[in-house]
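The values are calculated or read from the model by the stated rules, or taken from the named source; none is laboratory data. Given the structure is predicted, the values throughout are model-derived calculations rather than measurements. So basically every Cβ, Gly included, is an ideal-geometry build from the backbone, and we count neighbours across all protein chains shown. Heads up: the accessible areas ignore ligands, DNA and RNA and are worked out on the full protein's heavy atoms, side chains in. Shrake-Rupley method; radii C 1.70, N 1.55, O 1.52, S 1.80 Å.
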Amino acid sequence: MPRNLPASAAAASAALTVAATLVLPVPADAAPLGGVRLSATSGTVDATPIFASATATAPCPTGFGRNAQLRVGPPGGPYSNLARPLSAGGYDRAAVTAQPNRSFATALGGAPVDGEWWVVVECVSETQGVHPERFVTPITVSGRQWRAGRPAGAAPARPDADGSLVVSPSAGASAASGTPSTAAPTPNPGGSVDAVAEADVERRLTGNEGSGSASLANLWWILALLGALLVVGTTWLTTRRPAPRGRDAARGR
């Protein structure tokens with residue numbers, strides 16, 4: 001830090017530096033837990049529901065069976081709900097099965113663009129939040145149609161023991177590290193009062209895919225900015241010289 005930097009500016013710079021480090025979480029590089037068996041291998045993005053049911057190929061990891069979610073999104077996220085969150089519990093003892101209640105387009109708040117998308121099952125712990133890994137099965141969109149599997153030219157998804165398509169760990173790693181992929185509309189699970197309520201609850205209670213860290217970082221960012229402004233304002237008020245008035249001003253001429 002330069003030696004001639006004013007104390008107020010130095011304090012503001014330090015506060016902003018701390019805030020910046022808090023607001024930049026690093027995404028986790030995680031491999032999938034397994035695949036997702038879909039009741040259909042193709043369909044349209046407007047059909048409601050997108051398919052009748054989806055089942056994970058294995059139970060959730062131990063301790064992450066309190067809740068579960070069936071979602072869809074571009075490789076690496078963000079993901080939007082295809083069904084209401086599951087809350088019966090015990091999903092670490094038996095494989096998750098969910099029945100979608102909306103179309104692909106409704107889940108996203110608009111038609112998906114062409115390219116690769118992932119249908120995922122997320123496992124949630126009551127104390128630790130969403131598990132960093134997911135059950136993943138790729139689908140490909142072309143126009144108003146979707147089909148199971150990855151786009152032509154992409155590395156094929158490997159079949160699980162029961163035939164479900166599973167994205168390879170390397171594909172998950174490239175998506176998590178920021179490798180460009182087909183862009184998607186901002187997820188907005190609309191189309192019904194229940195869906196809007198789900199989205200509102202998720203936005204209020206969690207950030208960064210359910211961990212809450214993004215919301216906490218933004219709060220620290222705001223507090224750091226306010227603190228920096230307070231330091232600058234206080235320093236200015238205590239160091240400025242008052243303007244001469246009355247007789248003192250006349251004597252000084």
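Run the quick spin-label model on residue 238 and residue 46: label points 7 Å from Cα toward the beta carbon, then report their separation in nm to one decimal.
The answer from the label model is 6.7 nm.
Using a 1.4 angstrom probe with every protein chain in place, what is the largest-first accessible-area order of 82, 223?
Values: 82 0, 223 90 Å².
Order by accessible area, largest first: 223, 82.
Can you pull a Stokes-Einstein diffusion coefficient for the stretch 49-168 at 37 °C (0.692 mPa s), Rh from Kirkwood over Cα pairs, as a whole number of µm²/s?
Values: Rh = 14.6 Å.
Answer, rounded: 225 µm²/s.
Go through the stretch 101-143 and name the GluC sites (Glu not before Pro) that are in a DSSP coil and have 16 or fewer other Cβ atoms within 10 Å of their Cβ. Before the final figure, lay out the partial values.
Working: sites: 116, 122, 126, 133; in loops: 126, 133.
When the GluC sites (Glu not before Pro) of the stretch 101-143 are filtered for loop state and at most 16 Cβ neighbours within 10 Å, 126 remain.
If I ignore ligands, DNA and RNA and count only protein heavy atoms, how much of residue 231 is accessible to a 1.4 Å probe, in Å² to the nearest 10?
Residue 231 exposes around 60 Å² with every protein chain in place.
Given the alpha-carbon gyration tensor of the stretch 102-158, what are the semi-axes of its equivalent ellipsoid in whole angstrom, ordered largest first, with each equal to the square root of 5 times an eigenvalue? Each step should come with its number before you reach the end.
Values: eigenvalues 123, 56, 10 Å².
Ellipsoid semi-axes (Å, largest first): 25, 17, 7.
Gain in length, residue 229 to residue 128, computed as 0.36 nm per residue apart minus the alpha-carbon separation, to one decimal in nm?
On the way: separation 101, 0.36 × 101 = 36.36 nm, distance 3.56 nm.
Net length gain for the segment: 32.8 nm.
Placing +1 at every Lys and Arg Cβ and -1 at every Asp and Glu Cβ, with all other atoms neutral, what dipole size does the stretch 38-132 have around its Cα centre, in debye to the nearest 20?
240 debye
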